[in-house]
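Scroll down for the structure; my scribbles are underneath it.
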Amino acid sequence: DKGIGEPKAKSPQMPISYNLSEYFKQFLFPENECELHDFKLSFSQLKWDNWIVAPQRYNPRYCKGDCPRITGHRYGSPIHTMVQNIIYEKVDSSIPRPSCVPAKYSPLSVLTIEPDGSIAYKEYEDMIATKCTCR
Amino acid sequence: SQTLEDEAGTLTSGEGSLEAKPLPWDQPLDGENSSGLLPPLLKVLANRHLPGAPRLQPDSRALRYMKRLYKAYATKEGIPKSDRSHLYNTVRLFTPSAQHQQPSWGQVTGVLQSMDLLFNLDRITALEHLLKSVLLYSLKNSVSFSSTTKYMCHLVVKEPECSSPFCFRSPQSFTFNSQFEFRKNHKWIEIDVTTLLQPLVASNKRNIHIAVNFTCLKDQQNPVQDELSDVAILMSPSLLVYLNDTSTQAYHRWNSLRYKRRHHLSPDQRDLFLFSSEEELTWGRKSSRHRR
C-alpha cells in the first residue's frame, strides 16, 4: 500500500504494490498460454491457385502456447490431461506435457477446377481451427 | 444478380493465369518430396490427374457462374453460409464434351436451337447423391432487350433413342418440357431437369446424351425478329448438378444443425431431444433386427 497515492517524485523506485499486481497478473492473464492464432495464406503459396479458384486466401488458424498445470473447465480438458501433467512433473519427465491442440473446427467452401475441365463447388469439414484445448 | 456479377469480377480478374501455369496434379504437392506428410484429404484433392490425360480448362463463362455461386454460398473467408436451408454440399458444373448444333427458323414459332449434347459425369463419385440438376444457358453479352420485351420459351429435352443394333438401352426416351420467360438483363437461364437426370444418374449412367430443342414463341405485337436472332446465339448449355457428398471429408450441414439444435435447448428440452435420438436408435436397431 505504501506507494499508492504518493507523489512520484518522492518514490524513485517502483512501488511494491505495482510489483505485486504485475506478479498476480501473470496468473490472471498468463502470457503464451494455449490459444488460437491466425495464419493467413494464399493458395498461390502452395502453388494450388491454378486449381483452387476460391477462396484466394485461407486462414486455417492454429493452436499454440503452454498448457497450464491445472487445466480447468476453460479448456474443457478431460481428467486424463491433469493426470498426464502430474505424471510429467512427479513421476517421469519423458512423458510429454499435455499439448495445445484444436478442439473445434469449421468447414471451408472450395471452388476447384477438376482434371476433366469441369468445375466443382465443395464444402469440406474441419478445415479451420476455431477453438483450442489441452490434451 | 448484377451486384453478384460485379463482385465475381474481382475473382475473375485472375483467370488469365489459369492458362499459363501447369496444373498442380502434375507436380509434387509442395515442390518438395514430402507429399506423404500431408493429410489424406489434401492428397485426395491433389492427386487426381491421370498421367498422360490432356489438361482441360473450363469455359470462362461457366467459371464466372461458379464464382458467383461461390459468393452466394460462402462468406468472404470461405466458410459455408449458415442461412442456407438446402442440404447439398457439392455443386458440379459440366460443359458438354460433344455437341451438334442445328439452328433453324420456324415460320410460326421461331425455332431457335436444336442441339445434341453429350455430358460426361465421371467426376460424380459413388458417395455423391444427386439432389437437383439444372441446364444452364448463358446468353451472349451483346444481347440487349427493350424493357418491355418478354418471350415465352419452350424447352424440350429428351434422351435420343438408340438406333444401333448393339444398343442395349431401354427403347423409351425421356421427354421433358419446360416453359419460361425471357426478360431484360437476363444473363443466365436455369432450367430444372432433375426429373430427367435422376433416373440416369441413379442407374450409374455417366455418359448422358440429350437432345435439346429450344423454342421461343414470337410476340406478335413487337417486331422482334432481329432481337431474337441475337438471342438465338445462345451458348450451348452447361449441366449443373447439386449433390450431397456423403463422404467423411465433406461437410454435413445436417449434423451441424442437429448439434446446434441440441446445444440451444434448455436442459429439459435436451432430455427430450436425447430421448428422441434414442428413440431413433432403438427404431434403427429394431428395424435392422427386422431386416436380419
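For each pair in A:64/B:67; B:71/B:187; A:47/B:132, compute the distance between the two Cα atoms and list the pairs where it is over 26 Å.
Distance filter (> 26 Å) returns A:64/B:67; A:47/B:132.
In what order do A:134, A:63, A:100 fall by count of nearby beta-carbon atoms within 10 Å, going from fewest to most?
A:63, A:100, A:134
Under a plain spin-label model, where a point goes 7 Å from the Cα along Cα-to-Cβ, how far apart in nm are residue B:188 and residue A:99?
4.2
Quick one: if you stick a label point 7 Å off each Cα along the C-beta vector at residue A:45 and residue A:69, how many nm between them?
With each label point 7 Å from Cα toward Cβ, the separation is 3.7 nm.
At R0 = 41 Å, how high is the FRET efficiency between residue B:114 and residue A:38 if r is their beta carbon distance? Nearest 0.05 is fine.
0.15
Readers should treat all values here as calculations from the given coordinates under stated rules, not as data from a laboratory. All values derive from a computational prediction rather than experimental measurement. Note that each Cβ is placed from the backbone with ideal geometry, even for glycine, and that neighbours are counted across all protein chains shown.
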